[in-house]
Amino acid sequence: MTPVLSVMAVSKRYGRQPVLRDVTFSVSESDVVGVIGPNGVGKTTLLRIVVGLQQASGGSVQIQRGSVQEGLKRLRVAYFGGESTVPGHVRSHRWRALFHHIEPGAGREPIRLLSRGTRQMLGLRTVFTLPALRLIVLDEPWEGLDPDAARWLTGAVRARRDAGAAVLISSHRLHDLAGVCDSYVFLDAGVSTCIPAGELARDGVVTGDELLRTFDTIRGGTR
């Protein structure tokens, strides 16, 4: 199967400081890949490179074997970069009117005055309202969500995967990632290790504790 997204030996430097080094993985149709790593390791930078918001210092990213720019023109791609993805100056009822399938609930106040969790959910519901997405890129989507909202998001990701979308998610909430991903990209000191979920599953289930143990093993250099 041709990958929807291919990340090949991507590196990123800020001056002399390396952030990402030779990061390599792919995401195919009906595939959810989770990116795991501590704060500051480059998860957000990686996802921004994937959707063309930042340039890599080395390596390449392809969307369906073409450049990112070509892929964004050909495919329906959605990127969620956190609560700030939704413009804060727009009044919430006007934003919801643009995406009429979003459930009502917010009033007429500017989006910036909503609670963090409400802003997060507004952005996520906007993404998952968009039809026929082929590639969905989500940066820390569970951040700030209450348990009900977190369950909704997990179900929404699974539904889009089952509909054929390729999904790339970064998160430090390992228990949420464990329930939805088909493979995992562990980032340690900017270097990637990609492991299929099947290699981590115990009794057919991947747990957050197992993801944490695996990351600790990778960080210790014993895997």
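Rule-based calculations on the coordinates, nothing more; no lab input. Just so you know, these numbers come straight off a predicted model, no measurement behind them. Cβ: placed from backbone, ideal geometry, glycine included. Neighbour counts: every protein chain shown.
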Item to check | Helix 208-219 vs. the chain, principal-axis angle (Cα, 0 to 90°, nearest 10) | outcome: 40 degrees
Checklist entry - Arg108 versus Arg76, label points 7 Å from Cα toward the beta carbon: distance in nm? => result 3.3 nm
Next on the checklist: Quick check for me: using +1 on Lys/Arg Cβ and -1 on Asp/Glu Cβ, what's the dipole size of segment 155-220 about its Cα centre, in debye to the nearest 20?
Outcome noted: 200 debye
Next on the checklist: As I understand it, the dipole of the chain uses +1 on the Cβ of Lys and Arg and -1 on the Cβ of Asp and Glu, about the Cα centre. Which of Gly52, Thr193, Val32 lies farthest toward its positive end?
Outcome noted: Gly52
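Sort Thr217, Thr2 so that the residue with the fewest other Cβ atoms within 10 Å of its own Cβ comes first and the one with the most comes last.
Working: Thr217 13, Thr2 9.
Ascending number of Cβ neighbours within 10 Å: Thr2, Thr217.
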Next on the checklist: Angle check, please: helix 116-129 long axis (alpha carbons) against the longest principal axis of the chain (alpha carbons), in degrees 0 to 90, nearest 10.
Outcome noted: 80 degrees
Checklist outcome for this item: Note to self: C-alpha centroids of segment 156-223 and segment 32-50 sit apart, in Å, by 12 Å
Checklist entry - Quick one: helix 147-162 against the long Cα principal axis of the chain, what's the angle to the nearest 10°, folded into 0 to 90? => result 70 degrees
Checklist entry - Using modelled backbone amide H atoms (1.01 Å from N, in-plane), which distant-in-sequence or interchain residues come within less than 5 Å of Gly164's amide H? => result Ser30
Item to check | Assigned charges on the beta-carbon of Lys, Arg, Asp, Glu; the chain dipole about Cα centre (debye) | outcome: 880 debye
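Based on other C-beta atoms within 10 Å, arrange Asp176, Asp148 from fewest to most.
Details: Asp176 21, Asp148 9.
Lowest to highest Cβ neighbour count: Asp148, Asp176.
Take Val50, Val191 and order them by how many other Cβ atoms sit within 10 Å, fewest up front. Could the numbers behind the result be given before it?
Numbers: Val50 24, Val191 18.
Starting with the residue having the fewest Cβ neighbours, the order is Val191, Val50.
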